[in-house]
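Working notes for the structure below.
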Amino acid sequence: TYIEALASSISTHLKGLDFEPEHIIASYHGIPQSYFDKGDPYHCQCQKTSRLLKEKVGWDDGYLLTTFQSRFGPEEWLQPYTDKTVERLAHEGVKRIAILNPGFSSDCLETLEELALQGKEQFEEAGGTRFAALSCLNAGDAGMAMLEALVRRELAGWL
């Protein structure tokens, strides 16, 4: 249900763009690398979400890139970092990208400020020309239908 909602939402947003992205970045909130090293499954869950989404939509390998954002402090965090990937793509000559946040249920400071504003600025300063930050699932019918389906499924055995 979640992957179907993501695919539907992304397709709707991409159809509304006046350009076709050369790459789409799936940016997940990061965690310290030490958590992963100690066995935290989050990194694997993010990778699986990206893989299932890519398969559902039918994108070629390399079109959807998985990255991690929102690091702070001196410790190393999961990589690749979203901001560094955005800059790298522009330096490599990529002119058009879109970014989405599959791990965020709703748009917030980290999706709107860190990515939609700062990410766009970084991409353009590095040579990119077209940047789109796609809304999270809270912004459309697909996300609400997914929540309804999950709630109904989970509550079904309570009566």
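The values are calculated or read from the model by the stated rules, or taken from the named source; none is laboratory data. Because the structure is predicted, anything quoted here is derived from the model rather than measured. As a convention, Cβ positions derive from the backbone with ideal geometry for all residues, glycine included, and neighbour counts pool all protein chains shown. Side chains included, ligands, DNA and RNA excluded: accessible areas come from the protein's heavy atoms. Shrake-Rupley method; radii C 1.70, N 1.55, O 1.52, S 1.80 Å.
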Tell me, which longest segment in the chain has none of the chymotrypsin sites (Phe, Trp or Tyr not before Pro) that fall in DSSP loops with at most 16 further Cβ atoms within 10 Å?
73-159
Whole-Hz ³J(HN,Hα) from phi, Karplus 6.51 cos²θ - 1.76 cosθ + 1.60, for region 30-36, glycine and proline x:
x, 9, x, 4, 4, 5, 4
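Please label the shape of the chain as rounded, prolate or oblate, based on the square roots a ≥ b ≥ c of the eigenvalues of the alpha-carbon gyration tensor (a/c under 1.5 means rounded; beyond that, a/b larger than b/c means prolate, else oblate). Working shown, then result.
Working: a/c = 1.89, a/b = 1.27, b/c = 1.48.
Here the chain falls in the oblate category.
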Could you tell me which of LEU52, GLN33, ASN101 has its Cα farthest along the dipole of the chain towards the positive end, charges placed at Cβ (Lys, Arg +1; Asp, Glu -1), taken about the Cα centre?
LEU52
Given H placed 1.01 Å from N in the peptide plane, which residues other than close sequence neighbours of TYR81 have an amide H under 5 Å from its amide H?
PHE68
How would you classify region 63-147 from its alpha-carbon gyration tensor, with a ≥ b ≥ c the square roots of the eigenvalues: rounded for a/c under 1.5, else prolate if a/b is greater than b/c, otherwise oblate?
oblate
Return the whole-Å distance between the Cα centroid of region 78-109 and the Cα centroid of region 25-49.
16 Å
Report the charge-dipole magnitude of the chain in Debye, nearest 20, computed about the Cα centre from +1 at each Lys and Arg Cβ and -1 at each Asp and Glu Cβ.
420 debye
With every protein chain in place, what's the accessible area of VAL57 (1.4 Å probe, Å², nearest 10)?
50 Å²
Treating the beta-carbon of each Lys and Arg as +1 and of each Asp and Glu as -1, no other charges, what is the dipole magnitude of region 53-114 about its Cα centre, to the nearest 20 debye?
240 debye
With the Cα gyration tensor of region 38-96 giving a ≥ b ≥ c as the square roots of its eigenvalues, does the rule (a/c under 1.5 for rounded; else a/b larger than b/c for prolate; else oblate) give rounded, prolate or oblate?
oblate
Set the bar at 21 Å for Cα to Cα. Now go through LYS15/LYS48; LYS84/LYS120; LYS48/LYS95; LYS15/LYS54 and name every pair that lies beyond it.
LYS15/LYS48; LYS48/LYS95
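As a test of reading the structure, rank SER105, SER11 by solvent-accessible area (1.4 Å probe, protein chains only), most first. All intermediate terms of the calculation are to be shown ahead of the outcome.
Values: SER105 95, SER11 45 Å².
The ordering from most to least exposed comes out as SER105, SER11.
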With each run of n ≥ 4 DSSP H residues scored as -39500 (n - 2.57), what mean residue ellipticity at 222 nm is computed for the chain after dividing by its residue count and rounding to the nearest 500 deg cm²/dmol?
-13000 deg cm²/dmol
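Which residues make up the longest stretch of the chain clear of GluC sites (Glu not before Pro) that lie in a DSSP loop with no more than 14 other Cβ atoms within 10 Å, not counting the sites? Intermediate results must be reported in sequence, preceding the final value.
Numbers: sites that count: GLU75, GLU76, GLU92.
Value returned for the longest uninterrupted segment is 1-74.
Given +1 on the Cβ of Lys and Arg, -1 on the Cβ of Asp and Glu, and no further charges, what dipole in debye does region 80-159 carry about its Cα centre, rounded to the nearest 20? List each step's numbers first, then the result.
Values: 8 positive and 13 negative charges, 70 e Å.
Value, rounded to 20: 340 debye.
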